[in-house]
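Everything below concerns the one structure shown next.
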């Protein structure tokens with residue numbers, strides 16, 4: 001049997017009510033200030049990535065820059081990542097869902113600054129306990 005149904009993510013996902021993301025796709029010769037879409041609802045988040053709603057399909061493996069806005073936080077978190085999937089969201093007000101994997105954290109080019117990881121860990125500690133009890137079918141991560 002394959003590994004269908006097995007959770008492969010190493011980071012715990014959590015929801016932040018009211019969180020939104022604005023993004024722009026990385027393109028050659030593109031404006032550094034042009035945003036492709038703003039205030040897209042975030043469905044869930046982890047140390048490794050996020051899932052959000054969007055009106056536009058996103059191309060698999062495309063580079064993306066994100067500004068994650070959290071209610072109560074003064075400044076959005078700036079993150080870099082890659083689109084891992086995008087799917088049609090039939091019958092919903094937002095036409096698509098997308099999943100983005102964050103680039104590694106560090107001080108090198110194209111990495112996310114370590115302070116962002118520290119902030120996400122703090123948000124995880126704050127919001128994981130506010131969700132309803134874990135789904136009975138969901139197992140804890142043994143790999144992380």
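In a solvent-free Debye calculation with one equal scatterer on each Cα, what is log10 I(q)/I(0) for segment 6-111 at q = 0.13, 0.14, 0.23 Å⁻¹, listed in the order of the q values? Treating every Cα as an identical point scatterer, log10 I(q)/I(0) equals -0.46, -0.53, -1.46. Distance between the 7 Å Cα→Cβ label points at residue 121 and residue 11: 1.2 nm. Going by neighbour counts of Cβ atoms within 10 Å, the residues 83, 21 line up, fewest first, as 83, 21.
Taking the fewest neighbouring Cβ atoms within 10 Å as the starting point, the ordered list for 26, 108 is 108, 26.
What the Cα atoms of segment 54-131 give is an Rg and a Dmax of 14.3, 42 Å.
Since every read-out is calculated from the coordinates, none of them should be taken as a lab result. The structure displayed is predicted, hence computed values, not measured ones. Cβ sites come from the backbone with ideal geometry, for glycine too, and all protein chains shown count toward neighbours.
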